[in-house]
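*Asks:* Here's a structure for you.
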Amino acid sequence: MKTEERHRAIAKILRERPEVSVEELTLACDASGATIRRDLEVLAANGVLRRVHGGARSLIARGENPGYGQRELEDRDVKRRIAAAVSALLRDQEHVWLDSGSTATEVARTLAGRDLTVMPMSLRSLNAAAGPEGLAGIRPGLLLPGGSLIPGELCFRGPLAEANIRSLRFDTAVVTPCAVSTRDGLLAHDLEDAAVKRAGIESGARVVLAAAAAKWHAQARVLVASLERVDVMVTDKEFSAEERAQLDEYSVEVVNV
């Protein structure tokens, strides 16, 4: 396995198990113990797992939300397809509000060099939207929302961020919820994230929801908005006839990738 493949495999195992040993991972990944130990150190530094003697422990099993590092490893191909579809929905010279998270970062990568004005809600997305030069390539079309920067996630939160979002009007708001359901709509893990998402949605003339199928099985407790607020949904989820009927009631256009 290549390094990226091993990292994804380890993250997947720790999604399903509370703890795993180095010996078990050497068999699962067909790698040496030294290689697996290096992998675990890297993944622990990125917030994917907790390193323990002889192996690793899942953060999710302790009731913690998956960190950015773990989410970045999951459904990467799907997120790239979603990002390409979202980019295709945007017209040149639009003003775009872009949510935070791993899916939003993939969307930001597709917007590098585009004739758009974008407010990304994380430093990761800002860096991706700047293009190959990274933060050295920041251009006038990238707007910073301000507010408090959350460690690990590197996203903007708080009253200042909300106020700056609400002071502008965007042609399109691209929202990436922590969870989605036809009953509850869009959800987030915490009140501050929900408040920022709500501000972005309310400031957008058109709302594009970008969410992998896994978000429909995810757990989150804080309501953001009903699906009535969504104009276009970009996802890889295959909907049942009943779910399609519910989405039709909300007049949501679905783009499957």
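*Asks:* Find the relative contact order for the chain and round it to a whole percent, using C-alpha pairs within less than 8 Å whose residues are 6+ positions apart.
*Replies:* Working: 502 pairs, mean separation 35.4, N = 257.
So the answer I get is 14 percent.
*Asks:* Further question on the same structure: Rank V78, V52, V86 by mean-square fluctuation in a GNM of the chain with C-alpha springs under 10 angstrom and give only the top-ranked residue.
*Replies:* Maximum among the listed residues: V52.
*Asks:* What's the local net charge at V254, with K and R +1, D and E -1, over the other residues with C-beta under 12 Å away? Could the numbers behind the result be given before it?
*Replies:* On the way: positive: K237, R244; negative: D231, D236, E238, E243, D248, E253.
My count for the surroundings of V254 gives -4.
*Asks:* Using 7 Å Cα-to-Cβ label points, what is the E242/T3 separation (nm, one decimal)?
*Replies:* 4.7
*Asks:* At q = 0.13, 0.17 Å⁻¹, what log₁₀ I(q)/I(0) does the chain have when each alpha carbon counts as one equal point scatterer in the Debye sum?
*Replies:* Values, matching the q order: -0.84, -1.28.
*Asks:* C29: net charge of surrounding residues, Cβ under 13 Å, Lys/Arg +1, Asp/Glu -1, itself excluded? Kindly include the intermediate steps, with their values, before the conclusion.
*Replies:* On the way: positive: K2, R6, R8, K12, R37, R38; negative: E4, E5, E23, E24, D30, D39.
Residues near C29 contribute 0 overall.
*Asks:* Modelled label-to-label distance, S32 and R80, 7 Å Cα→beta-carbon offset: nm?
*Replies:* Each label point lies 7 Å from its Cα, and together they span 2.9 nm.
*Asks:* Using packing as a proxy for protection, rank 181-188, 31-38 so that the peptide with the highest average count of other Cβ atoms within 10 Å comes first. Walk me through the numbers on the way to the answer.
*Replies:* Values: 181-188: 18.2, 31-38: 15.4.
Ranked from most to least packed, the peptides come out as 181-188, 31-38.
Read the figures in this text as sums done on the coordinates, not as results from a lab. Computed from a prediction, not measured in an experiment: that's the story for all the values here. Cβ sites come from the backbone with ideal geometry, for glycine too, and all protein chains shown count toward neighbours.
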